[in-house]
Amino acid sequence: MHNWQPLHAFLIRRSTAVCLQELQVWNDPQTQLDADREYLTLAAIVGFRFLHVQHSTVLYNHFSSSQMILSDSNLLRVERLKQMFLRFQYHATMQPLGEITEQHWFLLKQNWDLWKLAPVTFEQHGEEVFFLQHSQKELGMPLNLVQARIVSALHKSESACTLEDHARQIVRMFWKQIVQQSGVEGLNVAAELSRWVGLTHPEISDSDSRQLAQASRQSTSLLQAKIDAIPLSAPLFIEQQLAVLYVLEKLRAAGMLNQFSDSQSQINQSMPAR
């Protein structure tokens, strides 16, 4: 899921690099941006394994507004991701049966169009029973509490974007809401965030633990400011993002999301509650 490795903080064996070069994994000049994501994802798909060196860090500077990553349009980025993931799927089909799991295929085949919540009404039929009704079509679907929470967060989104981007933004939104709650500090934030997205057994990495323990000693306002400063692509709360992504795909498949072009991505829609 996105840049699951720290940016520019990796080493590759020469023999591995040679093998990947023979597969033309480095797809220059076709992939002008996100080349690191493409390179390392393909390395994983074709069977290479990764070791994690604890306590390694990297400082990443956005030093100029002319950087390609900052000047790239959203539409070009989405089109590039579509082509990149088609390449991922091709290489995945070449692997031995069972090497690519069902969860892998869900990510490899994820949708890369721009989406926003359709005009819907939101009904509550019990403490944890909800129903989502399309306002313009004869479509509806039941929701549990976790799904209803994600739909409510999606409604607050001001722009249409990919499901992956929505998932990251929703997790950030939940994270900021959780730190406002009294009595939720430090490592409890990760556990509470997992509960919000329906994960019963959260896995907290050592790096997450250190960052959250440090955050527990900071004021809520300072912590929220730091949350906003973290790039959306940072490899934090990946399991929680995946849980949200599953719900978003379910909404898309049920017709509860509207597809947009890049020029339409700022259109606002309402979701009246009943």
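The values are calculated or read from the model by the stated rules, or taken from the named source; none is laboratory data. Owing to the predicted nature of the structure, the values given are computational and were not obtained by experimental measurement. As a convention, Cβ positions derive from the backbone with ideal geometry for all residues, glycine included, and neighbour counts pool all protein chains shown.
Go through the stretch 138-177 residue by residue and tally those that are of a type in the set (Phe, Trp, Tyr) and over 26 Å from Glu127 (Cβ atoms).
First, the residues of the stretch 138-177 that are of a type in the set (Phe, Trp, Tyr): 174-175.
Going one step further and asking which of them are over 26 Å from Glu127 (Cβ atoms), we end up with none.
So the count comes out to 0.
Rundown of residues vs (1) among the aromatic types (Phe, Trp, Tyr); (2) surrounded by 10 or more Cβ atoms within 10 Å (Cβ to Cβ); (3) at pLDDT below 90, yes/no style:
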position: Leu42; (1), (2), (3): no, yes, no
position: Ser56; (1), (2), (3): no, yes, yes
position: Ser71; (1), (2), (3): no, yes, yes
position: Leu75; (1), (2), (3): no, yes, yes
position: Gln83; (1), (2), (3): no, yes, no
position: Phe88; (1), (2), (3): yes, yes, no
position: Leu143; (1), (2), (3): no, yes, no
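Of everything in the stretch 152-168, what is in contact with a strand residue (DSSP E or B) (Cβ under 8 Å, 6 or more places away or on another chain) and buried (at least 20 other Cβ atoms within 10 Å of the Cβ)? Give them in sequence order.
Going through the stretch 152-168, the residues in contact with a strand residue (DSSP E or B) (Cβ under 8 Å, 6 or more places away or on another chain) turn out to be 152, 154-155, 157, 159-163, 166.
Leu154, Ala160, Cys161, Thr162, Leu163, His166, listed by residue number.
Right, Trp115: loosely packed, with under 15 Cβ neighbours inside 10 Å and over 24 Å from Ala229 (Cβ atoms) or not?
Working: loosely packed, with under 15 Cβ neighbours inside 10 Å: no; over 24 Å from Ala229 (Cβ atoms): yes.
Judged against the criteria, Trp115 is not a match.
In the stretch 155-182, which residues are of a type in the set (A, V, I, L, M, F, W, C) and part of a helix (DSSP H, G or I)? Lay out the reasoning, then the answer.
The initial filter retains those residues of the stretch 155-182 that are of a type in the set (A, V, I, L, M, F, W, C), namely 160-161, 163, 167, 170-171, 173-175, 178-179.
Passing the criteria: Leu163, Ala167, Ile170, Val171, Met173, Phe174, Trp175, Ile178, Val179.
Can you list residue pairs whose Cβ atoms sit under 6 Å apart, with the first residue in the stretch 29-40 being assigned by TED's automatic domain parsing to the domain that holds Arg80 and the second being part of a loop (DSSP other than H, G, I, E, B) and among the hydroxyl-bearing types (Ser, Thr, Tyr)? Count only pairs 6 or more apart in sequence or on different chains.
Partner pairs satisfying both residue conditions: Glu38/Thr31.
Identify all residues within the stretch 1-18 that are modelled with pLDDT of 80 or more and either in a loop (DSSP other than H, G, I, E, B) or closer than 19 Å to Gln89 by Cα (or both); write none if there are none. I'd like the intermediate steps shown before the answer.
In the first step, residues of the stretch 1-18 are kept if they are modelled with pLDDT of 80 or more; the result is 11-18.
Answer for the stretch 1-18, where residues must be modelled with pLDDT of 80 or more and either in a loop (DSSP other than H, G, I, E, B) or closer than 19 Å to Gln89 by Cα (or both): Leu11, Ile12, Arg13.
Thr93 versus (1) farther than 17 Å from Met256 by Cβ; (2) under 19 Å from the mean Cα position of the chain (by Cα); (3) modelled with pLDDT of 95 or more: which is the lone unmet condition?
If we test Thr93 against (1) farther than 17 Å from Met256 by Cβ; (2) under 19 Å from the mean Cα position of the chain (by Cα); (3) modelled with pLDDT of 95 or more, just (2) comes out false.
Which of the numbered conditions does Ser233 fail, given that it passes all the others? Conditions: (1) surrounded by 15 or more Cβ atoms within 10 Å (Cβ to Cβ); (2) modelled with pLDDT of 85 or more; (3) not in a helix (DSSP H, G or I).
Unmet condition: (2).
Could you tell me which of the residues Glu203, Glu249 is outside any loop (DSSP other than H, G, I, E, B), out of contact with any Gly (no Cβ under 8 Å at 6 or more places or on another chain), closer than 30 Å to Pro142 by Cα and modelled with pLDDT of 55 or more? It would help to see each step written out before you state the result.
Values: Glu203 fails: outside any loop (DSSP other than H, G, I, E, B).
Only one candidate passes the filter, namely Glu249.
Which of the strands (runs of 3 or more DSSP E) found entirely inside the stretch 29-147 contain at least 1 residues meeting this: more than 25 Å from Val171 (Cβ to Cβ) and among the hydroxyl-bearing types (Ser, Thr, Tyr)?
Values: elements: 114-117, 120-124, 130-134, 140-143.
Of the strands (runs of 3 or more DSSP E) lying wholly inside the stretch 29-147, those with at least 1 residues that are more than 25 Å from Val171 (Cβ to Cβ) and among the hydroxyl-bearing types (Ser, Thr, Tyr) span 120-124.
Can you tell me which residue within the stretch 237-256, out of those that are small (Gly, Ala, Ser) and either under 12 Å from Trp196 (Cβ atoms) or free of Cβ contacts under 8 Å to residues at least 40 places away in the same chain (or both), is surrounded by the most Cβ atoms within 10 Å (Cβ to Cβ)? Before you say what the answer is, go through the steps one by one.
Step one: list which residues in the stretch 237-256 are small (Gly, Ala, Ser), which gives 243, 253-255.
Now drop any that are not either under 12 Å from Trp196 (Cβ atoms) or free of Cβ contacts under 8 Å to residues at least 40 places away in the same chain (or both), which leaves 243, 253.
Values: Ala243: 20, Ala253: 11.
Taking the candidates together, the pick is Ala243.
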